[in-house]
1. Just to verify a result, which residue in segment 419-431, among those that are buried (at least 19 other Cβ atoms within 10 Å of the Cβ) and not charged (D, E, K, R), is farthest from residue 451 (Cα to Cα)?
2. Would a scan of segment 309-330 turn up a residue that is over 23 Å from residue 361 (Cβ atoms), modelled with pLDDT of 90 or more, over 33 Å from the mean Cα position of the chain (by Cα) and open to solvent by 30 Å² or more (accessible area, probe 1.4 Å)?
3. For residue 423, work out the one condition from (1) in contact with a strand residue (DSSP E or B) (Cβ under 9 Å, 6 or more places away or on another chain); (2) free of Cβ contacts under 8 Å to residues at least 12 places away in the same chain; (3) among the polar types (S, T, N, Q) it doesn't fulfil.
4. Residue under question is residue 101, and the condition is that it be part of a helix (DSSP H, G or I), in contact with a Lys or Arg (Cβ under 6 Å, 6 or more places away or on another chain) and not hydrophobic (A, V, I, L, M, F, W, C); does it hold?
5. Which number in (1) open to solvent by 20 Å² or more (accessible area, probe 1.4 Å); (2) in a loop (DSSP other than H, G, I, E, B) marks the one condition that residue 254 misses?
6. Output the residue which, of all residues in segment 337-364 that are of a type in the set (Ser, Thr, Tyr) and under 30 Å from residue 569 (Cα atoms), is nearest to the chain's Cα centre (by Cα).
7. Give the residues of segment 392-418 that are open to solvent by 50 Å² or more (accessible area, probe 1.4 Å), in contact (Cβ under 8 Å) with a residue 12 or more places away in the chain and of a type outside the set (Asp, Glu), sorted by residue number.
Amino acid sequence: MSSFFRLLFRNHLAAIGAVVIAAILLLVLITPLLPLHDPDVTATADRFKRPFSDGHLLGTDHLGRDLLSRLLYGTRLSLAVGVVAALIAASIGSAIGIIAGYFGGHVDNIIMRGVDMLMAFPYILLALAIVAALGPGLLNALIAVAAVNIPFFARNIRGITVGLASREFIDAARLAGMGHTRIILTELLPNVLPVIIIAMSTTVGWMILETAGLSFLGLGSQPPQADLGSMLGEARSAMISHPTTSIVPGIMIFLIVMSINLLGDGVRDALDPRLRSGALSRPRATTLVDRQGDISAPTDDLLAIQDLHTQFHVGRRIYRAVGGVSLAVKPGECLGVIGESGSGKSVTALSAMGLVASPPGVITGGAVRFKGEDLIGAPYETLRQKRGDRVAYIFQDPLSTLHPLYRIGQQLAEAIQSHHQISRAEAHSRAIQLLQDVRIPNAESRVGNYPHEMSGGMRQRVGIAMALANEPDVIIADEPTTALDVTVQAQILSLLDDLRRDRGLAIIFITHDFGVVAQLCDRIAVMYAGRIVEEGPTRAVLDAPAHPYTGRLIACVPELGGGRRALAAIPGLPPAVDDLPVGCAFAPRCDKAQDKCRTGEVALQGAASHAVRCHFPEEAV
C-alpha cells in the first residue's frame with residue numbers, strides 16, 4: 001500500500017487532485033457538526049445577500065437560503081449520487097463484460113450487440129429518456145446515469161477478458177476441474193479488478209457532472225432538496241444580476257470533477273504495471289546526457305566507444321547498466337561482444353547512437369566517436385541523419401522493426417527515402433536489389449509481402465537488407481541469429497561475413513554463442529556487470545582465456561564427441577547493477593578470488609592485443 005501511494009503522489013497533478021478531493025470530502029463529512037443554517041429554510045427578507053454578510057459567509061439565494069449551507073449539503077448529495085452510480089455501473093457493466101468475454105461465441109454476440117444498441121444512442125439523450133419514463137427525482141437520475149454508463153464498462157472489460165480467456169492459466173484451471181463460476185471469480189476477476197478500479201476512478205467525475213446536468217434541467221433533485229446541479233438551475237435566472245449564486249456551485253462542480261479526474265489518472269498510473277514501470281511513457285528522441293567533462297582523445301577508429309557510462313534512474317534507484325566500456329572497430333573489422341544476459345551488451349550498443357529510452361536511461365560519462373565526431377550529446381538532427389544511414393542496427397527480433405501493416409518493399413523504400421532524395425520507383429527498384437543481395441529468392445514477388453507472410457529466417461534477412469539499405473559504414477547486430485534454426489543461422493552468418501568483406505563494413509556483433517564468434521569475429525570483448533573483463537583477438541581469447549569468467553563461459557559450451565570434460569555451470573547469479581559489490585564484480589562467483597579482489601578497483605591490464613580485468617588471470621597452458 002505504501003508503494004501505491006508513493007507511485008500515486010509521484011504524479012504531481014494527481015497529488016493536487018488527491019489533496020483537493022480529500023479536503024472536500026473532509027468538509028462534507030463534518031458538515032452536520034458545523035454551526036450552519038438549515039439549508040431548506042427560506043427568508044425572503046434576506047434574499048440575495050452579498051458574501052461575507054452577517055451570518056451568511058457566502059451570501060444567500062433568491063429565497064434567502066444560506067448559500068454555504070446549501071453548498072455543503074448539496075455537495076454531500078452530489079458526491080454520494082456520483083459514487084453510487086459509478087459502483088452500480090461498474091458492477092453490472094463489468095459482470096456483463098466478463099461473461100461475454102469469457103464464454104464468447106453466441107453469448108458474446110448476443111450480449112455485445114445489445115450493448116452496441118445502447119451505445120448507438122447519445123448518452124445524455126438516453127439518460128433523459130430514462131428519467132422521462134421513470135419520472136423526475138434524484139433516485140431516478142441516479143438510475144439513469146448508472147444505466148447509460150453500463151455499456152462503457154461492459155465493452156472495456158469484455159476486451160480485457162477476451163485476451164485473458166484464451167491464456168494458459170485459464171486452460172489449466174479448466175483442466176483442474178474448476179467450474180465456470182469459480183474460474184470467473186478466482187482467475188479472471190483478480191486480473192480484471194485493477195482495470196475496473198481504473199475505469200471507475202476516471203469516470204466517477206463525469207457521473208457527478210451528468211447527475212448535475214439532469215438536476216440543472218429539473219429532472220434530478222426536487223425542491224426543497226438541493227444538489228449542485230439544482231442550485232445552478234435555480235440560479236440561472238439571476239446569473240447577470242447576482243452571479244454569486246451561480247459561481248459558488250459552479251466552482252464546486254469544477255473542483256470536484258477536475259480533482260477526481262486528476263486523481264483517477266494517478267490511480268491508473270499507480271495500478272497499471274506498464275505505466276508505473278515507464279514502459280508506456282513517451283521516450284525522448286535521444287538519450288538524456290548528464291556527463292561531467294568530455295573525452296577528447298583522438299582516434300583513427302571508424303567507431304570508438306570511450307569509457308561509456310549509462311545508467312537507469314528509476315525512482316531512488318540507480319541501475320549502472322554500463323560502467324566504463326571502451327570498444328573500437330575499424331573498417332572491415334568484426335568485433336564480437338559476448339556475455340550473460342544483463343551484462344550490458346545491448347545497452348552499450350543502443351547508447352552509441354542515443355537510442356536508450358529516456359526516461360529512465362541517462363548517459364553519465366564517456367564518448368562515442370564516429371569518424372572522430374563525438375555523438376554523445378549531439379543535436380537530434382545529427383543523430384537522425386546518421387541512424388540507419390551511416391550506423392545501422394540489426395535487432396534480434398525482426399518483427400520489432402517491421403511494421404505489420406506495411407509491405408516489405410514499402411518499408412525498405414521508406415528506409416532509403418528518409419535519408420536520400422530519390423523517386424518512389426528508384427526506391428522500389430533498390431528494395432528489390434537489397435532482397436536479392438540478402439539472397440531472398442523471387443525478390444520481385446517477395447517485395448510485396450507483408451511480414452507475417454514470411455518465415456523467421458526470411459524476416460531476419462529483410463532486417464539485414466534494411467540495415468544495408470543506405471550502405472552504412474557500421475552495422476551493430478544485436479543477437480540477430482538467436483531465434484533462428486542452425487541451418488538458417490549459418491546462412492545468415494555467411495551472408496554477413498560476405499557483405500563485410502565485399503563492402504568493407506565494420507560490424508559489432510552481440511551474441512551469447514562462442515561458435516558464432518569463432519566463425520565471424522576478428523576480436524572478442526567479454527562483458528560482465530556492465531564492464532569489459534577481457535578483450536583480444538578471437539583465436540587468442542578462445543584458445544587461452546585469461547579471465548576466469550571467460551574460461552567458465554567457454555566451459556559451459558558442450559563439445560561434440562569424446563566426452564573429455566564435464567559441463568560445469570557458473571555458480572551463483574550475476575550481480576544486481578543497482579548494488580554492485582566493491583572490487584571485482586565476478587569475485588562472489590570466482591573460485592580464485594582473494595581479499596584483494598574485493599577491496600578496490602580492478603583495471604583492464606595487459607597488452608593492447610589481449611587485455612584482462614583480473615588480479616589473478618589464468619595462465620596460458
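The values are calculated or read from the model by the stated rules, or taken from the named source; none is laboratory data. These numbers come from a predicted model, not from an experiment. Neighbour counts run over all protein chains shown; Cβ positions are idealised from the backbone, glycine included. Surface accessibility is based on the protein's heavy atoms, side chains included, excluding ligands, DNA and RNA. Shrake-Rupley method; radii C 1.70, N 1.55, O 1.52, S 1.80 Å.
1. 427
2. yes
3. (1)
4. Taking the combined requirement at face value, the residue satisfies it.
5. In the conditions (1) open to solvent by 20 Å² or more (accessible area, probe 1.4 Å); (2) in a loop (DSSP other than H, G, I, E, B), residue 254 misses (2) alone.
6. Restricting to residues being of a type in the set (Ser, Thr, Tyr) and under 30 Å from residue 569 (Cα atoms), the top hit is 346.
7. Once the filter is applied, which keeps residues that are open to solvent by 50 Å² or more (accessible area, probe 1.4 Å), in contact (Cβ under 8 Å) with a residue 12 or more places away in the chain and of a type outside the set (Asp, Glu), segment 392-418 yields 395, 396, 399, 401, 403, 404, 405, 406, 407, 418.
A quick yes/no check of all residues on (1) surrounded by fewer than 17 Cβ atoms within 10 Å (Cβ to Cβ); (2) within 29 Å of residue 396 (Cα to Cα); (3) small (Gly, Ala, Ser):
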| residue | (1), (2), (3) |
| --- | --- |
| 533 | no, yes, no |
| 558 | yes, yes, no |
| 572 | yes, yes, yes |
| 594 | yes, no, no |
| 598 | yes, no, no |
